[in-house]
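**Q** What follows is a structure written as structure tokens; I'll ask about it next.
Rule-based calculations on the coordinates, nothing more; no lab input. Predicted, not measured: the structure shown is a model, and the values here were computed from it. Positions of Cβ are backbone-derived with ideal geometry, glycine not excepted, and every protein chain shown enters the neighbour counts.
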Amino acid sequence: MDILQKIARYREEEEKLKWEGTFAEYLKILKEKPWVAQSAHSRVYNMIKDAGVEEVNGRKRYKFFSQHLFGLEEALERLVEEYFHPAAKRLDVRKRILLLMGPVGGGKSTLVTLLKRGLEEYSKTERGAVYAIKGCPMHEDPLHLIPHHLRDDFYKEYGIRIEGELSPLNMMRLEKEYGGRIEDVLVERIFFSENRRVGIGTFSPSDPKSQDIADLTGSIDFSTIAEYGSESDPRAYRFDGELNKANRGIMEFQEMLKCDEKFLWHLLSLTQEGNFKAGRFALISADELIIAHTNETEYRSFIANKKNEALHSRIIVMPIPYNLRVSEEERIYEKMIRESDVADVHIAPHTLRIAAMFTILTRLKESKRPDVDLLKKMRLYDGEMIEGFSEVDVEELKKEHPDEGMSGIDPRYVINRISACIIRKEVPSINALDVLRSLKEGLDQHPSITKEDRERYLNFISLVRKEYDEIAKQEVQKAFVYSYEESAKTLMDNYLDNVEAYCNKTKLRDPLTGEEMNPDEKLMRSIEEQIGISENAKKAFREEILIRISAYARKGQKFDYNSHERLREAIQKKLFADLKDIVKITTSTKTPDEQQLKKINEVVARLIDEYGYNSTSANELLRYVGSLLNR
Ligand SMILES: Nc1ncnc2c1ncn2[C@@H]1O[C@H](COP(=O)(O)OP(=O)(O)O)[C@@H](O)[C@H]1O
Ligand SMILES: [Mg+2]
């Protein structure tokens, strides 16, 4: 299907969804689908829930967010459970403004945009359908038509509670256009759209002095006063403020705390009482979720100001800290790069991971535990298994600093530095060293970094540089081995067979000749020595491994190459030790002989085919590792 056909199809579908009828007909819909009368808060909550919830490591993951926001599971779980869910149940939090508080570039705007775009789509679905009084600039809830004295009866019949008063404009229309016959009032299905200003609004404060409250609550239309004879005729009023337009849906309030108090009061009465004052009219009911965002500094000074005290209790603050997991940070960069115009540049393996390590380090706080340095903490947070640490330790570490993740480097900075280094490098291929260099240079120009922080950050850059050196060496050494995984596995199986025979005091059988033989002590020692296991300690080490294997077997899991960290390290080192000289000589020679050239080409080819490099980045890697090995 080409794009024109798709457009036509889309229009058809939209046409099909349209509905218009009298209030009496609308009541029939309510009988069948009572949920269409739900509040704005409830609709938002159901939208999130309907997208699906997974349980990952005892933590809820909402699919609504998880495609777009990474590493914020805890904050999002809290947001849903402490705000959206209770608000949907008409509990008191609904009456407070939701204020997302977090560091710059931490995903607050992205989160709000997801909710807004999501709601637009949701309103086109059966479960998210919304109906309104036809022709009302505020898309007023048709149930407001039902007079107060009948609302209890309505509840008994329909099980739906009605909140809010009929607006002055619709009150007048009911009289003038429908002769007071509520059942005849026309109702239509509406579809949220920020562009068309239906149910979704954004308010961004301008200069506090010139800020006009009309932007929020609408204003008198002077050109029509003559026609209607009075300023208090609701027809002479334009209900086109952001609060009016966002009725039934969401209003985003950007930079809320930069706003004048006068402004905030309007909002607060809206959230608290569900209505606001406009022009000379009685209070106007509104049903919308107001979601604002701010950074920590602004929030602190807001809190510190005595004048704002009354406002505090009417705001619910939800922290949105930076992601603290390296792997998730990598995904953030991947996403941002995919969406940018440098998407086609080759990024060598480990580049984004190394950048992410740096970023996460800038966000972490030192632990009080002497056995946990920042690198280790970073690994633990990322879910790496480290011997001697469990989930419980990780939870404890997180509790040490509740405000962790509120400061540090933001993802946009990293992406900007990556772009800067892409532009500078002539070939469309960058590696971790390029990016680290660019990050480092950028620190000098960064406007909001203190001297101390810069020192700290420079330190992190050298720290992750060392990490990278290790990774680079390993990668090249692996690429020197023909089929690394297989060689490692074979070597380990061989070792384990020998260990088993040694511990059980049995013999091994030679696979070729079938002859019985003693365990190969020399082989076992050559592996164990790699990780410093002494002659005296070897027995205990071997027995410990056998115990581990049987523990795995009992749980029905397969013990493999990655199941025992130290053993894996020993095997790897053994494989590399055998290669050491050849890697060193081959990678660093300036004038390779034929044999060496063949090997280099073979390794480059393997780096490209199996490890995701291109020829530029593979050659750069080899050259770099050559220089490392010769230091
Ligand atoms: N946890 C995250 N998951 C996915 N993307 C993120 C995350 N944090 C930041 N980003 C990305 O970083 C950029 C800045 O985020 P933004 O939502 O504008 O932050 P804020 O409004 O908090 O300053 C966006 O491109 C956003 O997609
Ligand atoms: Mg923002």
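**Q** So how long is each side of the range 49-199 along the principal axes, counting just the alpha-carbon atoms, biggest first, in Å?
**A** 59, 35, 28
**Q** Just want the ordering: I547, I415, from fewest to most Cβ atoms lying within 10 Å of their own Cβ.
**A** Fewest-to-most Cβ neighbours within 10 Å comes out as I547, I415.
**Q** For the range 1-88, what ratio Rg/Rh do Cα atoms give with a Kirkwood hydrodynamic radius? Before the final figure, lay out each step's value.
**A** Details: Rg = 18.1 Å, Rh = 16.1 Å.
Rg/Rh for the range 1-88 comes to 1.13.
**Q** Would you mind checking the pairs K555/K580; K277/K306; K365/K574; K258/K306; K440/K573 and listing those with alpha carbons more than 27 angstrom apart? Walk me through the intermediate numbers first.
**A** Numbers: K555/K580 38 Å; K277/K306 25 Å; K365/K574 36 Å; K258/K306 16 Å; K440/K573 32 Å.
From K555/K580; K277/K306; K365/K574; K258/K306; K440/K573, over 27 Å: K555/K580; K365/K574; K440/K573.
**Q** While we're looking at this one, here's another question. Any idea what the relative contact order of the range 109-214 is, in percent, if you count C-alpha pairs under 8 Å spaced at least 6 apart? Working shown, then result.
**A** Numbers: 88 pairs, mean separation 32.6, N = 106.
About 31 percent, as a whole number.
**Q** Using 7 Å Cα-to-Cβ label points, what is the E227/E455 separation (nm, one decimal)?
**A** Each label point is offset 7 Å from its Cα along the Cβ direction, giving 7.0 nm.
**Q** Count neighbours as other Cβ atoms within 10 Å of each site's Cβ, and list the trypsin sites (Lys or Arg not before Pro) in the range 306-388 that are DSSP loop with at most 14 such neighbours.
**A** On the way: sites: K306, K307, R314, R325, R331, K335, R338, R353, R363, K365, K368, K376, K377, R379; in loops: R314, R325, K365, K368.
Within the range 306-388, the qualifying trypsin sites (Lys or Arg not before Pro) (loop, at most 14 other Cβ atoms within 10 Å) are K368.
**Q** Hey, what angle do you get for helix 411-424 against the long axis of the chain, alpha-carbon based, 0 to 90 degrees rounded to 10?
**A** Rounded to the nearest ten degrees, it is 60.
**Q** Using only Cα atoms and rounding to the nearest 10 degrees, what angle (0 to 90) does helix 538-554 make with the longest principal axis of the chain?
**A** 40 degrees
**Q** Another question about this same structure. Of all GluC sites (Glu not before Pro) in the range 499-546, which ones are in loop regions per DSSP and have a Cβ with at most 11 other Cβ atoms within 10 Å?
**A** Values: sites: E500, E515, E516, E521, E528, E529, E535, E543, E544; in loops: E515, E535.
When the GluC sites (Glu not before Pro) of the range 499-546 are filtered for loop state and at most 11 Cβ neighbours within 10 Å, E515, E535 remain.
**Q** Please give the contour-minus-distance gain from D207 to E309: 0.36 nm per residue of separation, less the Cα-Cα distance, rounded to one decimal in nm. Please report the intermediate quantities before stating the final value.
**A** On the way: separation 102, 0.36 × 102 = 36.72 nm, distance 2.32 nm.
Full extension of this stretch gives 34.4 nm more.
**Q** Taking the Cα centre of the chain as origin and charging only Cβ (+1 Lys, Arg; -1 Asp, Glu), how large is the dipole, in debye to the nearest 20? Don't skip to the answer; put the middle values down first.
**A** Values: 100 positive and 110 negative charges, 99 e Å.
Result for the chain is approximately 480 debye, rounded to the nearest 20.
**Q** Jot down the per residue volume, in cubic angstrom and as a whole number, of the convex hull over the alpha-carbon atoms of the range 355-421. Kindly include the intermediate steps, with their values, before the conclusion.
**A** Values: hull volume 5.8 nm³, N = 67.
Spread over its residues, the Cα hull of the range 355-421 gives 87 Å³ apiece.
**Q** Counting pairs of Cα atoms in the range 360-470, how many percent are more than 22 Å apart? All intermediate terms of the calculation are to be shown ahead of the outcome.
**A** Numbers: 2526 of 6105 pairs.
Value for the range 360-470 (Cα pairs over 22 Å): 41 percent.
**Q** Sticking with this one: Label points 7 Å out from Cα along the Cβ direction at E366 and E296: separation in nm?
**A** So the label points at E366 and E296 sit 1.7 nm apart.
**Q** Note the angle between two axes, namely the Cα long axis of helix 615-629 and the longest principal axis of the Cα atoms of the chain, as a number of degrees from 0 to 90, rounded to the nearest 10.
**A** On a 0 to 90 degree scale, this one is about 50.
**Q** Moving on to the next point. Can you pull the Kirkwood radius for the chain, inverse mean 1/r over Cα pairs, to one decimal in Å?
**A** Numbers: mean 1/r = 0.0337 Å⁻¹.
With all distinct Cα pairs of the chain included, I get 29.7 Å.
**Q** Can you tell me the length gained on complete extension of the stretch S390 to L512, counting 0.36 nm per residue apart and subtracting the Cα distance?
**A** On the way: separation 122, 0.36 × 122 = 43.92 nm, distance 4.42 nm.
Between S390 and L512, full extension yields an extra 39.5 nm.
**Q** Just want the answer: with Cβ charges of +1 for Lys and Arg and -1 for Asp and Glu, which residue in L546, S526, G556 is farthest toward the dipole's positive end in the range 523-578?
**A** G556
**Q** Of T490, T591, how do they rank once you tally other Cβ atoms within 10 Å and put the fewest first?
**A** T591, T490
**Q** Please get the size of the charge dipole for the range 591-631, origin at its Cα centre, with Cβ charges of +1 on Lys and Arg and -1 on Asp and Glu, quoted in debye to the nearest 20.
**A** On the way: 5 positive and 6 negative charges, 35 e Å.
Charge dipole of the range 591-631: 160 debye, to the nearest 20.
**Q** Write down the radius of gyration of the range 397-462 and its Dmax, each obtained from C-alpha positions, in Å.
**A** 14.0, 46
**Q** Another one. Given the Cα atoms of the range 437-547, and with Rh set as the inverse mean 1/r over their pairs in the Kirkwood sense, what is Rg to Rh to two decimals? Working shown, then result.
**A** Values: Rg = 23.3 Å, Rh = 18.2 Å.
Rg/Rh: 1.28.
**Q** Binning every alpha carbon pair distance of the range 287-390 at 10 Å from zero, what are the percents per bin?
**A** 11, 28, 25, 24, 11, 1
**Q** Between K590 and V53, with labels modelled 7 Å along Cα→Cβ, what's the label distance in nm to one decimal, could you check?
**A** Taking the simple label geometry, K590 and V53 are separated by 6.7 nm.
**Q** Another question about this same structure. How big is the Rg/Rh ratio for the range 424-471, C-alpha atoms only, Rh by Kirkwood, two decimals? Before the final figure, lay out the partial values.
**A** On the way: Rg = 12.2 Å, Rh = 11.8 Å.
Rounded to two decimals, Rg/Rh equals 1.04.
**Q** Name the GluC sites (Glu not before Pro) in the range 407-477 that are in a loop by DSSP and that have at most 11 other C-beta atoms within 10 Å, would you? Mind dumping the intermediate values first?
**A** Values: sites: E426, E441, E452, E455, E467, E470, E475; in loops: E426.
Loop-located and lightly packed - E426.
**Q** Rg and Dmax of the range 472-631, Cα atoms, in Å?
**A** Calculated on Cα positions, Rg and Dmax stand at 18.6, 55 Å.
**Q** Where q = 0.11, 0.16, 0.20, 0.21 Å⁻¹, what log10 of I(q)/I(0) comes from the Debye formula for the range 205-342, counting one point per Cα?
**A** After summing over all Cα pairs, the log10 values are -0.56, -0.93, -1.19, -1.26.
**Q** With only alpha-carbon atoms counted, please give the Rg and Dmax of the range 70-142, in Å.
**A** When restricted to Cα atoms, the range 70-142 yields Rg and Dmax of 15.0, 43 Å.
**Q** Quick one: R623, R606, R631, fewest Cβ neighbours within 10 Å first, how do they rank? Mind dumping the intermediate values first?
**A** Numbers: R623 12, R606 19, R631 5.
The order, fewest Cβ neighbours first, is R631, R623, R606.
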